1. For region A:242-317, give me every one of the helices (runs of 4 or more DSSP H) that falls completely inside it and has 1 or more residues that are away from chain B (no Cβ under 14 Å).
2. How many residues, within region A:215-241, are of a type in the set (Asp, Glu) and more than 11 Å from chain B (Cβ to nearest Cβ)?
3. Taking only pairs six or more apart or across chains, which ones have beta-carbon atoms under 8 Å, a first residue in region A:97-116 that is more than 9 Å from chain B (Cβ to nearest Cβ) and among the hydroxyl-bearing types (Ser, Thr, Tyr), and a second residue that is assigned to a helix (DSSP H, G or I) and surrounded by 20 or more Cβ atoms within 10 Å (Cβ to Cβ)?
4. Filter region A:168-186 down to the residues that are in contact (Cβ under 8 Å) with a residue 12 or more places away in the chain and of a type in the set (Gly, Ala, Ser) and list them by number.
5. Check region B:45-63 and report whether any residue there is closer than 23 Å to B:Gly286 by Cα and in contact (Cβ under 8 Å) with a residue 24 or more places away in the chain.
6. Does B:Gly181 meet the test of being surrounded by fewer than 23 Cβ atoms within 10 Å (Cβ to Cβ) and at positive phi?
7. Please state which of the following conditions A:Thr199 fails to meet, knowing it meets all the rest: (1) among the polar types (S, T, N, Q); (2) in contact (Cβ under 8 Å) with a residue 60 or more places away in the chain; (3) more than 18 Å from B:Arg99 (Cα to Cα).
8. Here is a check on your reading of the model: is B:Gly170 modelled with pLDDT of 85 or more and either in contact with a Leu (Cβ under 6 Å, 6 or more places away or on another chain) or not hydrophobic (A, V, I, L, M, F, W, C) (or both)?
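The values are calculated or read from the model by the stated rules, or taken from the named source; none is laboratory data. These numbers come from a predicted model, not from an experiment. So basically every Cβ, Gly included, is an ideal-geometry build from the backbone, and we count neighbours across all protein chains shown.
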Amino acid sequence: MRGQGFIFWLVAAAFLIGMFALTLGVRNEYPFFAGYVILQFIVLATAWNILGGYAGYVNFGTSAFFGVGVYIAIMLFKAFNLPIVVQIAGAALVGGVLGLGVGFLTLRMQGIFFSIATIALTIIIETFITNWKFVGGAAGIQLQRPPVTAPFESYVKMLFFVQAALVVIAVAVARYIQNSWIGRGLQALRDDELAAECTGVPTLKLKLIACCLSGALMSAAGAPQAMYLQFANPESAFNLNYSVSALAMALIGGTGHWIGPILGAILLGVTQQLLTVTISSEVNVLILGVMLVLFVVGAPSGLIGLVARRVKRGGGR
Amino acid sequence: MFSLDLLRDAVVLGLLLGCFYAAVSIGLSVSFGLLDVPHVAHPAFLVLASYGVYVLNEYGIDPLLAGLMLTPVFFVIGLGTYWIYYETFEKRGQDQAVRGIAFFFGIAFIIEVLIILALGVDQRSVSAEYIGKSWRIWDMRIPMRLIVAFGVAILLIFLLTQYLSRTFTGWAIRAVAQDEGALRLMGANPFKIKRWAFGIATAVLGMAGALLIIVAPVEPTLDRAYIGRTFCVVVMAGLGSMSGTLAAAIILGVSESIVLTLFGASWAPAISFTLLLVVLAVRPQGLFGR
């Protein structure tokens, strides 16, 4: 276990150093612009999996948390001109509190009722933001990026690195949960909540932890979005496409292990970036939907399930 | 600023609107309320039906007739959907619930994108004699399209309620909702009954889709708003209660119409979802639940 932990942190450090080196070495802006989106989806899918994969509560409200992150960042920037790191921290804080609220919903709602409630939350928050003039209302808001600080030479490259750091944080959190008593407890309540409660698993506490962390990470992933696009409006910030993407990426990658959502997000994220450039953005949602349906029907354990089966078969020969 | 006249108008319009909401939700009341299928794609099928009606209307077919023509097509789609759902999720047991929900969510998105690819993101509407005219009672003007939708909706709900309470198949459907195991012991096949019921629930969408596009223009992503409306109605009604569906839909319609008059259209999308959340939190078994 300890050896594995060492390797994990070594890989994480190598990943961050590699990303940082890229921002220094590559002049072209475009790879960072595209790479940012893929990193963002790794964070979202990993965060979704903490609640959806480990605890079995299907959250359709990824876009609610994402949008809250976007708008908290805008508020902090517009009102107090705070730097990006503080914006992200603020967004994570509010996302975590919102997550706690969603966690209390799980007391009375399970299965599809919980999922529908999270969509409801998305639309309600979106409607409030739409009617709030300070952050631009329905028309949206234009933002001017502040000057970038050294060592980064452009704002997009800095955001890219910030998002890479969020990836490391999200994956580390997911990995910690999976390997600790929290993960085992969540797994128990996913299989049978009543039985888990009866044998002394503190189900509410575990669900609250999972919802809070998941929500905080989703909002943190959304916070840099406003600066990335230099524009935000409620319709795009709260778009249900974020919900379906996070869910699809986690399910396609495999929900049982923290590596699953990463694989799913990379596979779908790269495909989407290629398709958006070559065909159209509608087609990439179509591919996402079709792959989601194919995987839930044909490969219930996702990519990691397929790989595991292949390995097992190979070992048998 | 706010007068009794305005309130009266809002209530009357809300009542008509409510019956229309009942018509678009009654299918879900069967598939989700009675059969426990997490049918998040119900509103997407509804919008698909509307686009079907739009395409047929382009050839000069009356929207209501077009809706009727689509009914058998949607019946078959319903049979197929339930068959896939049963084979891949229901048969394998409880731990498939997460994937079942994701499955229907994926289907909804696929339908949305296919409509966008085929017909674009623009709003579409149909033309017929009764669309655009209005009916005067005293000093009120009621749009004819709402009255047509109201009449057809009432007829639709009446027929479906009669079917479920008077016919042998209807009894079987309600029996399978109550106790599937007992039905199996009686020598009946629950899968066949549920597949048939799901087919009926989807077939109704042919007509409901026609009403949807008669009442207002449709766009491909309209299903997102109707997730709130249809699930709000079905949950508020108490799962599977047909008369409850009508009452709950009227409550929703009147509340929407009053809030719209008071605060403006930008608050409209939140109403159904707020009502839904309140019902789920306070009275999850619904107002008229079993």
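1. In region A:242-317, the matching helices (runs of 4 or more DSSP H) lie at A:259-278, A:302-316.
2. Filtering region A:215-241 for residues of a type in the set (Asp, Glu) gives A:235.
Checking the rest, the ones that are also more than 11 Å from chain B (Cβ to nearest Cβ) come to none.
Residues in region A:215-241 being of a type in the set (Asp, Glu) and more than 11 Å from chain B (Cβ to nearest Cβ): 0 in total.
3. Filtered contacts from region A:97-116: A:Thr106/A:Phe114; A:Thr106/A:Lys207; A:Thr106/A:Cys211.
4. Within region A:168-186, A:Ala170, A:Ala172, A:Ala174, A:Gly183, A:Gly185 qualify.
5. Within region B:45-63, not a single residue is closer than 23 Å to B:Gly286 by Cα and in contact (Cβ under 8 Å) with a residue 24 or more places away in the chain.
6. no
7. Here A:Thr199 meets the rest and fails (2).
8. Numbers: modelled with pLDDT of 85 or more: yes; either in contact with a Leu (Cβ under 6 Å, 6 or more places away or on another chain) or not hydrophobic (A, V, I, L, M, F, W, C) (or both): yes.
Yes: the conditions hold for B:Gly170.
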